[in-house]
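Reviewing the structure listed below.
The values are calculated or read from the model by the stated rules, or taken from the named source; none is laboratory data. What you see is a predicted model, and the numbers here were worked out from it, not measured in a lab. Cβ atoms come from the backbone with ideal geometry, glycine included; neighbour counts cover every protein chain shown. The protein model used for the area step is the full one, side chains on, heavy atoms only, and it has no ligands, DNA or RNA in it. Shrake-Rupley method; radii C 1.70, N 1.55, O 1.52, S 1.80 Å.
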Amino acid sequence: MSEAFDAVDRQLVQATQAGLPLVARPYHCLAEQLGISPAEVMARLARLLESGIIRRIGAVPNHYAIGYTANGMSVWDVPDERIDELGELVGALDFVTHAYHRPRRLPEWPYNLFAMVHGGSRAEVLAKVAAIAELLGPVCRSHDVLFSTRILKKTGLRLGA
C-alpha cells in the first residue's frame, strides 16, 4: 500500500502512543475520539503496521508489578549463519519475552543472540537460561546473563501536537 501518512493517521498515532485505552473496546473508544468508524481505526492501524510506520501493537507489562523481580538478558554466541533459526527456537519459548539478533563487538563482546528472561528470583532466571543452553546444545559457544539493576522507562516514538 502506498497511501500517505495523513492527518488522521497522525491523530491515531498520537492517541495511541501512550497505550490503548484500557476499556473493553479500545478501537471503538479511539473511533469516537477521532470521529471515524472502529473499522477505519482497525484498517488504518493494519496499514500502518504493514507499511512499517508502526512496528507493533502489544502489551508492555511492568514485570515487577506482576511479580517478576529478577530480569535477565541472556546473551548467546551462536553461528551467524544459524541466527534466524536459533532465534526463532529461543523466541518461541514461553518464558522468553523477546529474542533478537545484535551485532557482535569483537573481541570484547562475542554475543549475537539476545533473549530476555523474567523470573521471581535470580535462581529461576538462571534455571530458564539453563533450559535455553540445553536447547541450543553444542552449537552455542558461550553465553552469559545480564541482570537488571533498575527499571528503565520504555517508550517509543512520541509525536508532538
Within the set 87, 137, 119, GNM on the chain using Cα springs under 10 Å gives the largest fluctuation to 137
Projecting the Cα atoms of 143, 54, 18 onto the charge dipole of the chain, where Lys and Arg contribute +1 and Asp and Glu -1 at Cβ, the residue farthest towards the positive end is 18
Read-out volume of the Cα convex hull per residue in Å³, candidates [x] 126; [y] 109; [z] 165; calculated match is [z]
Placing each pseudo-label 7 Å from Cα in the direction of the beta carbon, residue 130 and residue 106 end up separated by a distance in nanometres of 3.2
To the nearest 0.05, the calculated FRET efficiency linking residue 122 and residue 20 through their beta-carbon distance, R0 being 25 Å, is 0.15
When the charge dipole of the chain is computed with +1 at the Cβ of Lys and Arg and -1 at the Cβ of Asp and Glu, the Cα pointing farthest to the positive end, of 74, 30, 43, is that of 30
A 1.4 Å probe over the protein heavy atoms gives the chain a carbon and sulfur accessible-area percentage of 56
Measuring from its Cα centre, the chain shows a charge dipole (+1 at each Lys and Arg Cβ, -1 at each Asp and Glu Cβ) which, in debye to the nearest 20, is 600
Along the dipole axis of segment 77-122 (charges at Cβ: +1 for Lys and Arg, -1 for Asp and Glu; origin at the Cα centre), the most positive-end residue among 83, 101, 117 is 117
Per-residue ellipticity at 222 nm attributable to helices in the chain (runs of n ≥ 4 DSSP H, -39500 (n - 2.57) apiece, nearest 500 deg cm²/dmol) works out to -11000 deg cm²/dmol
Checking 139, 75, 96 against a Gaussian network model of the chain (alpha-carbon springs below 10 Å), the top fluctuating residue turns out to be 139
Label model pair residue 144, residue 80: point-to-point distance (7 angstrom along the Cα→beta-carbon line) in nm is 2.0
Sites removed, the longest contiguous part of the chain containing no DSSP-loop trypsin sites (Lys or Arg not before Pro) with at most 11 other Cβ within 10 Å is 57-149
Between residue 92 and residue 46, the FRET efficiency computed from the C-beta separation at R0 = 30 Å comes out, to the nearest 0.05, as 0.80
